[in-house]
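Input: a single structure, listed below in structure tokens.
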Amino acid sequence: MPAEKITVLYVDDEENNLFSFKATFRIKYKVLTALSGNEALDILGKNLVHIIITDQRMPEMTGIEFLEKVLEKFPDPMRILLTGYADMNAVIDAVNKGKIFHYLAKPWNEEELDLTINRAYEKYLAKVQLKEMNAKLEVSNDQLEFLLRQKLLS
């Protein structure tokens, strides 16, 4: 477990599901909840979120549509789709359009969901580390190019 809590945003149009999720995971994780995709996008604009879990079937905006919007503005959080319906087209769309990390069926199993959150967080940390290493490499490349130009000019 990291020094700071993993921040999980759970999006579902059913308040009972939000309460249940928060009651189950609030001690282990920093849990943020939203009743809609638009509310979740507002939360993402104000908070660093590591993991997003969203229900597929919601009014106004489906989980996949929400995840597509997330990718445009907030590509770093790992995305998990949760649905009570065995709709293979939704799963395929979630993978292709929402770039999900994992798909889980409702009702969720606490142990499986917990394990999935932790695996997603490990992947999140690896992505962040890779980004930082690439940024350092870019700086080093720029410095080497500068030195090479200086050498060629002298």
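The values are calculated or read from the model by the stated rules, or taken from the named source; none is laboratory data. Since the model is a prediction, treat every value here as computed from it, not as a measurement. Neighbour counts run over all protein chains shown; Cβ positions are idealised from the backbone, glycine included.
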Review point. Residues in region 51-72: is at least one at pLDDT 95 or above, part of a loop (DSSP other than H, G, I, E, B) and touching a strand residue (DSSP E or B) at 6+ places or on another chain (Cβ under 6 Å)?
Key: no
Point to revise | Residue count for region 1-14, restricted to those that are in contact with a helix residue (DSSP H, G or I) (Cβ under 9 Å, 6 or more places away or on another chain), under 16 Å from Tyr124 (Cα atoms) and in a loop (DSSP other than H, G, I, E, B) | key: 3
Revision key, fill the gap. For Leu82, the lone unmet condition from (1) crowded, with 18+ Cβ neighbours inside 10 Å; (2) over 20 Å from Asn118 (Cβ atoms) is (2)
Check your understanding: Are any of the residues in region 139-151 under 21 Å from the mean Cα position of the chain (by Cα) and either of a type in the set (A, V, I, L, M) or in a helix (DSSP H, G or I) (or both)?
Key -> no
Review point. Would you pick out the residues in region 15-50 that are over 19 Å from Leu115 (Cα atoms), assigned to a loop (DSSP other than H, G, I, E, B) and not hydrophobic (A, V, I, L, M, F, W, C)?
Key: Ser36, Asn47
Point to revise | The lone exception for Ala3 - which of (1) at pLDDT 90 or above; (2) under 30 Å from Leu130 (Cα atoms); (3) over 18 Å from the mean Cα position of the chain (by Cα); (4) not basic (Lys, Arg) it fails | key: (1)
**Study point:** Candidate set: region 74-94, residues that are more than 12 Å from the chain's Cα centre (by Cα) and under 25 Å from Tyr29 (Cα atoms); chosen: the one modelled with the highest pLDDT
**Key:** Leu82
